[in-house]
Structures are given as C-alpha cells and as structure tokens.
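Worksheet for the structure shown next.
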Amino acid sequence: MTSSSCSPFIPAGSYQESLSANTVIQVTLTATCKNASGGSASSTLSFNSGALSGIEDISNSNGSLVLVSGSGSPINTENPYVPAGSYQNSSSNIQVKLTATCLSEKGDGVTSSITYTEADAKKFSGIENNNGDLESTTSSSISLPTVSESDDGDDDDDDGDADADGDAAADGADDGAAEGGGDAAAEAGGEAAGDAAADTAAAAGGADAAADAAAAAFCA
C-alpha cells in the first residue's frame with residue numbers, strides 16, 4: 001500500500017506518516033530540458049511542501065524548470081514518486097532528491113535524503129522511513145513453477161485405461177452416498193470462506209483509511 005502524497009509535486013510514500021513535527025519535505029528536481037533554439041540544458045528546481053499552495057504545474061520554460069501558479073490540474077501524474085508536470089514532455093534525465101526529517105524508533109528527528117532517477121522510480125512500490133532513514137521499496141516478482149508433461153508410452157496408456165474403467169465402477173457406487181454430504185460440506189465451507197473474505201476486506205479498508213488520515217493530517 002502506498003499512502004497519498006500532500007501534492008502531486010511531492011513524492012508519495014508511507015514516510016509521510018512518521019515525520020518530525022512541523023517538518024517540511026524538500027525536493028530538488030533536476031532534468032535536461034529542451035529550449036526554443038532546439039538545444040538542451042540541465043536545469044535544477046528546489047521547492048518544499050510548504051510552498052506549493054496555488055501551484056498547478058512544473059513546466060519547462062525555454063530550458064529552465066519553473067513552478068507555475070494557477071488552479072488547474074497537473075498533468076503527468078502517473079508515477080507518484082516523480083513530481084508531476086508538463087516539463088516531463090520536453091525533458092530527459094530526470095532526477096529527484098527527496099529530503100525530510102524522519103522519526104527514529106526512539107522518537108528522535110533524523111534528517112535523511114534519497115536520490116533516484118525517473119527510471120529508478122518506475123520500479124518503486126513505495127518510499128518508507130526505516131528508523132530515520134528514507135528508503136525505497138520495490139515490488140517483488142513471483143515466478144510460477146513450470147510443469148512439464150511427458151509421454152511414458154502406449155503400454156502405460158493402456159494400463160491407465162484399464163485402471164480407469166475399474167475405478168469408474170467403484171466411484172459410481174460412492175458418488176451417490178458422498179454427494180449429499182459433499183454438498184452440505186461445500187455450502188458450509190463457502191459460507192465460512194465468504195465471512196473470512198469479508199473480514200479481510202474490512203481490515204484492509206481500515207488500514208487504508210488510517211494511512212489516508214495520517215497523510216491528510218500532515219498536509220493540513
């Protein structure tokens with residue numbers, strides 16, 4: 001789960017829920033921006049979470065990154081760990097430095113920074129506070145096992161068919177008796193599974209609500 005950021009210009013992450021009181025999040029954004037003459041130049045823009053009221057965009061103004069005032073909705077918000085803005089349409093080599101004062105396990109405020117590229121951020125599943133240190137987290141990949149099928153020969157197939165015929169006769173006698181009990185067990189099991197799923201969903205919803213509330217309190 002990734003908590004909502006205060007602004008689309010501030011990298012999202014659960015770190016926001018454990019910041020030192022009255023702290024502001026600092027961001028330094030660097031990119032290679034195209035200019036009107038067709039060339040490009042490196043530009044750096046620094047800002048903090050306390051100075052973004054009334055800002056609608058980060059744009060590339062003839063090769064320079066600038067904050068744009070207004071009430072419109074920012075664009076390029078797909079990656080929550082890279083500041084949104086129209087600058088992305090005409091810039092490359094985007095790099096972000098995030099700085100915040102995070103609480104340690106002892107309750108001390110520790111100023112920490114993390115620097116990453118746009119390519120790095122595409123792999124992120126979050127940015128967290130690990131005992132006062134800002135750290136990125138990535139989604140783990142799950143590899144499904146590969147099942148290989150082999151042919152053991154015609155003799156095995158014939159034996160299998162004979163066994164299947166014998167088993168079918170025995171199974172037919174058992175099926176009638178088992179069907180009634182199986183239906184009852186399935187119904188009971190289905191109800192239990194449904195209740196468990198409902199409880200899990202409710203717990204997840206509560207956790208999401210708590211994270212959103214924490215982020216909203218910080219942004220207030």
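The values are calculated or read from the model by the stated rules, or taken from the named source; none is laboratory data. Values in this document were obtained by computation on a predicted structure and should not be read as measured data. Cβ coordinates were reconstructed from backbone atoms using ideal geometry, including for glycine residues, and neighbour counts include every protein chain displayed. Note: accessible area is taken over every heavy atom of the protein model, side chains too, but ligands, DNA and RNA are not part of it. Shrake-Rupley method; radii C 1.70, N 1.55, O 1.52, S 1.80 Å.
Could you do me a favour and compute the accessible area per residue for the stretch 1-127, 1.4 Å probe, result in Å²?
48 Å²
Rounded to the nearest 10 Å², what accessible area does SER20 show when all protein chains are kept and the probe is 1.4 Å?
Accessible area, nearest 10 Å²: 30 Å².
Starting from 0.36 nm per residue, how many nanometres of slack lie between SER53 and SER90 once their C-alpha separation is accounted for?
Difference between extended and current length: 10.9 nm.
Please report, largest first and rounded to whole Å, the three semi-axes of the ellipsoid equivalent to the stretch 1-137, where each semi-axis is the square root of five times an eigenvalue of the C-alpha gyration tensor.
Semi-axes, largest first: 27, 15, 13 Å.
Label-point separation (nm) for ASN76 and SER125, each offset 7 Å from Cα along Cα-to-Cβ?
That separation, rounded to one decimal, is 2.7 nm.
Using packing as a proxy for protection, rank 48-56, 77-85, 60-68 so that the peptide with the highest average count of other Cβ atoms within 10 Å comes first. All intermediate terms of the calculation are to be shown ahead of the outcome.
On the way: 48-56: 14.8, 77-85: 20.6, 60-68: 16.6.
Descending packing order for the listed peptides: 77-85, 60-68, 48-56.
Counting only the heavy atoms of the protein chains, how much of ASP57 is accessible to a 1.4 Å probe, in Å² to the nearest 10?
Only protein atoms counted, so the area is about 30 Å².
Once the whole set of protein chains is in place, how much accessible area is left on ILE58, using a 1.4 Å probe, in Å² to the nearest 10?
Near enough 0 Å² of accessible area.
Taking the Cβ of TYR15 as the center, what net charge do the other residues with Cβ under 10 Å away carry, scoring Lys and Arg +1 and Asp and Glu -1?
In short, -4.
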